[in-house]
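Notes for the one structure printed next.
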Amino acid sequence: MTSGGLCGAATSRVAPAYGAGFVTAFGAHAVAANLAVYAVRHHSSLWQLGILLGVYDLAEVVLKPVFGSVVDRRGVNAVMVCGLVAFGLASAAFAVAGSGQWLGAVRLAQGSAAAAFSPAAGSAVAALGGTRRTGRLFGGYGGAKGLGYLLGPVTGGALVELGGYRLLFAVTGAAALGAAAWVALRLPGVAPAARSRSTLAALVAQIRDPGFWQPVVLLGAGAAALSAGVGFLPLLGARHHLGPAVTGGLVSLLAGAAAAIQPWAGRLHDGDRLPADGPPAALLVAAAGFVVAALVPGVATIAVAAVLVGAGVAVVTPVGFAGLAAGAPPERLGRTMGAGEVGRELGDAGGPALVGAFDAVGLGAGFAALAAALVACAGASSSRLRRHPAEAPVNPAGDGVLR
């Protein structure tokens, strides 16, 4: 079979995991992007809005390593299906009840469910990808999540206008339940690998291994750039008298660039055509985007900044996940992917927090600080990442399924 046919078959196998990735991005951002409107309509305080926004991410940070270990013990498929079903039921509960008193609890439940199926989906992509397709498959997975980031806010806003927040949660719940059925019916079985005894010394050794922390640095830095770009480039545009349509287009431009370039970057990685300094250079590209936005703010330059940030994120994300999977022992794949996801979550929260910390000085200073942090992360991850697993977690038949 040709390499293109092999890649197509592999993509078909992991497509249900792509669906799970889309759900976690779409479901989270469709709701989060419209919580401010909800807070205004219900006269909620900024403190209450912050709790509603943060409780989802807090659940993910705390629980992703836990559920990653559950994936190693129980297998990918069961954890992913249970997590998606739990996400769907939590969303459906609010669609039925419709009471704002339950919104915080529902967001907590959604975040907890996403903490289960998100590392499971990443583990499925790593396990089913084989030794030479991990980068491009993670590129496709990142593209699916990017599509969720792109469609979530605008679709969520349209649903709220059409039928209120009950309709929004009903649709996100239906998407999760549909993805659960797809995984249950179409995702090949990925059985847990034989486990060795886990010790604190082994955990410390894994964390200290550059094969672990360098990909995590890449993933965290990419998430920081993405979240800060999505959150603050529109604010910069609004301060220069750009309307909502234009600022929304800037977000779409950034997210679209990130989604479109990821599969291409993954293919370069798998073919050993991505230079060793490619991922650090990509972080420098994202940093340059923030510098451009800070120094020469305007419609054209903010658009250029959005593309630069999106392109930088698009390169480091699949390469980071592929490097993480390549360095993971098969029996610790779920825990490793869960820990990598925590790195992304910390970057997702830390990027905007760093920019916001410079509020008294100005947005330009915040962008400069973030650019400096991205440059530092580029330096920390400058050595060559492991590209392929030393021992592929696939069966001798070569179909990519763990038995």
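Among the residues of this structure, R197 counts as one that is of a type outside the set (G, A, S), surrounded by fewer than 20 Cβ atoms within 10 Å (Cβ to Cβ) and either at pLDDT below 85 or assigned by TED's automatic domain parsing to the domain that holds P329 (or both).
Tell me the residue from V85, V96 that is under 22 Å from V31 (Cβ atoms), β-branched (V, I, T), under 21 Å from the mean Cα position of the chain (by Cα) and at pLDDT 90 or above, please. Talk me through it step by step, then tell me what you get.
On the way: V96 fails: under 21 Å from the mean Cα position of the chain (by Cα).
On inspection, the qualifying residue turns out to be V85.
Within the span defined as the range 372-382, one or more residues are at pLDDT below 80 and either closer than 18 Å to G231 by Cα or small (G, A, S) (or both).
Can you find a residue in the range 65-82 that is within 27 Å of Y38 (Cα to Cα), of a type outside the set (D, E) and either outside the structural domain of L137 (by TED's automatic domain parsing) or over 19 Å from the mean Cα position of the chain (by Cα) (or both)? Taking every residue of the range 65-82 in turn, none turns out to be within 27 Å of Y38 (Cα to Cα), of a type outside the set (D, E) and either outside the structural domain of L137 (by TED's automatic domain parsing) or over 19 Å from the mean Cα position of the chain (by Cα) (or both).
This table checks each residue for (1) hydrophobic (A, V, I, L, M, F, W, C); (2) touching a helix residue (DSSP H, G or I) at 6+ places or on another chain (Cβ under 6 Å); (3) within 16 Å of R13 (Cβ to Cβ).
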residue	(1), (2), (3)
G98	no, yes, no
L108	yes, yes, no
G146	no, yes, no
L150	yes, yes, no
L159	yes, yes, no
L162	yes, no, no
T172	no, yes, no
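What residue, of L254, L268, L324, L274, is under 18 Å from G140 (Cα atoms), part of a loop (DSSP other than H, G, I, E, B) and not acidic (D, E)? The match here is L274. Any residue in the range 160-167 that is in a helix (DSSP H, G or I), more than 25 Å from A86 (Cβ to Cβ) and modelled with pLDDT under 90? The answer is yes, given that some residue of the range 160-167 is in a helix (DSSP H, G or I), more than 25 Å from A86 (Cβ to Cβ) and modelled with pLDDT under 90. Apart from one condition, L308 fits all of (1) closer than 18 Å to L151 by Cα; (2) buried (at least 21 other Cβ atoms within 10 Å of the Cβ); the exception is (1). Within the range 228-244, is even one residue modelled with pLDDT under 70, in the same structural domain as C377 (by TED's automatic domain parsing) and over 30 Å from G75 (Cα atoms)? Checked against the condition, which is being modelled with pLDDT under 70, in the same structural domain as C377 (by TED's automatic domain parsing) and over 30 Å from G75 (Cα atoms), the range 228-244 yields at least one hit.
Take T134 and tell me if it is surrounded by fewer than 21 Cβ atoms within 10 Å (Cβ to Cβ), among the hydroxyl-bearing types (S, T, Y) and touching a residue at least 12 places away in the same chain (Cβ under 8 Å).
Details: surrounded by fewer than 21 Cβ atoms within 10 Å (Cβ to Cβ): no; among the hydroxyl-bearing types (S, T, Y): yes; touching a residue at least 12 places away in the same chain (Cβ under 8 Å): yes.
In short, no.
The test for being closer than 22 Å to D348 by Cβ and β-branched (V, I, T) holds for T247.
The values are calculated or read from the model by the stated rules, or taken from the named source; none is laboratory data. Just so it is clear, the model here is predicted, and its values are computed rather than measured. Note that we place each Cβ from the backbone using ideal geometry, even for glycine, and neighbour counts take in every protein chain shown.
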